[in-house]
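Chemist: Dropping a structure here in structure tokens format, bear with me for questions.
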Amino acid sequence: MVGIYFSGTGNSKCAAELFCKEYDNESSAYSIEKKETLAAVTDADFFIIAYPVQFSTVPKILRDYITDHKELWVGKKVFIIATMGLFSGDGSGSLGRLLQSCGANVIGGLHLKMPDSIADEKALKRPLEKNKELVKQAEQKIKESVKRLKAGNPTQEGIGVLYRLAGFFGQRAYFGHKTRAYSSKLKVDADKCIGCGLCEKLCPMKNISIKDQKAVSSDRCTMCYRCINKCPRQALTLLGKRVVEQCGIEKYI
Ligand SMILES: Cc1cc2nc3c(=O)[nH]c(=O)nc-3n(C[C@H](O)[C@H](O)[C@H](O)COP(=O)(O)O)c2cc1C
Ligand code: SF4
Ligand code: SF4
């Protein structure tokens, strides 16, 4: 088994790595951002794929990765882990349907509530202790899910018609359009930005460049929130107007 993940702020990476470690000593998790990943996973016949839910759908960068490498999934067994701040309905199912359309055999799904990566929406922020507790609970859920997978009875969270209806009416119908294309909405506060270049270095989409010692955003943002959570001057925002709290999995484990 091999793990593949896309992760903006580390939750999905952490989940994929722990799942692999629990499964056996030979399984490893690979980021879709790394060039060497394709070569490392090509011969696998069983994948787990972890990703952060965005409005009950799959981030555009991961959708593109799946469809750009269609041949990789044909006839392969896939188990999906969807990480989320609160609720996704059919997080696993959303990616599952895409993979099935590429010929994969989706055998189950797991939903993990984790710290919310949206740093610029006050209503979504939780106290540090609460986030630590969520991560502990997620670890426990992963252990139980691996046990069930090994026993031939994989968890089916997010898979099926009822979950799909919940995902559609709970989120996608109203906000799903936001992830249909890459976004041009990342905002840079030029008064705060010191041109350190960290955001440019971290962005998985090469959406940011530094010009005249200020960050400049383009129209290729996959809304992963990595740069927003890491900017030392809190100069970046996307959905909200100001950064309330910066998160990252390293704060919670
Ligand atoms: C643009 C965006 C949309 C999101 N939409 C949802 C959502 O619909 N439901 C939810 O529970 N969490 C939502 N989240 C929260 C993330 O899914 C969650 O924090 C995830 O665990 C982040 O994982 P990562 O650290 O691997 O990026 C959203 C986050 C972002 C950045
Ligand atoms: S990380 Fe922040 S301060 Fe540094 S260049 Fe990017 S926006 Fe500016
Ligand atoms: S600009 Fe920021 S939020 Fe957008 S894809 Fe790049 S790192 Fe992620």
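Chemist: Could you go through region 166-181 in sequence order and give the Karplus-derived ³J(HN,Hα) for each residue, using 6.51 cos²θ - 1.76 cosθ + 1.60 with θ = phi - 60°, rounded to whole Hz, and x for Gly and Pro?
Modeler: 4, x, 6, 7, x, 8, 4, 4, 9, 10, x, 4, 5, 9, 4, 10
Chemist: Averaged per residue, what accessible area in Å² does the chain show with a 1.4 Å probe, protein chains only?
Modeler: That works out to 49 Å² for each residue.
Chemist: Which log10 I(q)/I(0) values, to two decimals, does region 100-253 give at q = 0.15 Å⁻¹ under the Debye formula with one point per Cα?
Modeler: Calculated log10 I(q)/I(0) at the listed q: -0.99.
Chemist: Just check region 143-201 against the gyration tensor rule for me: Cα atoms, a ≥ b ≥ c as the square roots of the eigenvalues, rounded for a/c under 1.5, and otherwise prolate or oblate depending on whether a/b exceeds b/c.
Modeler: Oblate shape, in that a/c is at least 1.5 and b/c is the bigger or equal ratio.
Chemist: Restricting things to alpha carbons, find the Rg to Rh ratio for region 2-179 using the Kirkwood radius for Rh.
Modeler: We get a ratio of 0.94 for region 2-179.
Chemist: Starting from the alpha-carbon convex hull of region 26-115, give the projected area averaged over all orientations, in nm².
Modeler: Its Cα hull, projected and averaged over all orientations, spans 5.8 nm².
Chemist: Are there GluC sites (Glu not before Pro) in region 10-116 that DSSP marks as loop and that have at most 12 other Cβ atoms within 10 Å, and which are they?
Modeler: Listed in order of number, the matching sites are Glu26, Glu36.
Chemist: Expressed as a whole percent, how much of the Cα-Cα distance distribution for region 187-251 exceeds 13 Å?
Modeler: 58 percent
Chemist: If the cut-off is 19 Å between C-alpha atoms, which aspartates and glutamates fall inside it for Lys35, apart from same-chain ones fewer than 8 positions away?
Modeler: Within the straight-line limit of under 19 Å, Lys35 reaches these aspartates and glutamates: Glu17, Asp43, Asp64, Asp68, Glu71, Glu200.
Chemist: With n ≥ 4 as the cut-off for DSSP H runs, can you work out [θ] at 222 nm for the chain, using -39500 (n - 2.57) per run divided by the number of residues, rounded to the nearest 500?
Modeler: Counting only the DSSP helices, I get -9000 deg cm²/dmol.
Chemist: Got a sec to turn the phi values of region 215-222 into Karplus ³J(HN,Hα) couplings, 6.51 cos²θ - 1.76 cosθ + 1.60 with θ = phi - 60°, whole Hz, x for Gly and Pro?
Modeler: 6, 10, 9, 10, 10, 10, 7, 9
Chemist: Next question. With a cut-off of 8 Å between alpha carbons and a minimum separation of six or more residues, what is the relative contact order of region 102-204 in percent?
Modeler: 28 percent
Chemist: What distance in nm lies between label points placed 7 Å from Cα along the C-beta direction at Thr42 and Arg180?
Modeler: 3.6 nm
Chemist: Given a 1.4 angstrom probe, I'd like the percentage of the accessible area of region 50-180 that is carbon and sulfur, rounded to a whole number.
Modeler: It is 56 percent, rounded to a whole number.
Chemist: For the chain, give me every cysteine whose Cβ has no other Cys Cβ within less than 4.7 Å, ordered by residue number.
Modeler: Cys14, Cys20, Cys102, Cys193, Cys196, Cys203, Cys221, Cys224, Cys231, Cys247
Chemist: Please compute one quarter of the surface area of the Cα convex hull for region 80-139 and express it in square nanometres.
Modeler: Directional mean of the projected Cα hull area for region 80-139 stands at 4.8 nm².
Chemist: Which loop trypsin sites (Lys or Arg not before Pro) in region 33-108, with loop taken from DSSP, have no more than 14 other Cβ atoms within 10 angstrom of their Cβ?
Modeler: Filter output for region 33-108: Lys34, Lys35.
The values are calculated or read from the model by the stated rules, or taken from the named source; none is laboratory data. Source: prediction; values computed, not measured. FYI the Cβ positions are ideal-geometry reconstructions off the backbone, even for glycines, and counts take in every protein chain you see. Protein only, heavy atoms only, side chains kept; ligands, DNA and RNA dropped before computing areas. Shrake-Rupley method; radii C 1.70, N 1.55, O 1.52, S 1.80 Å.
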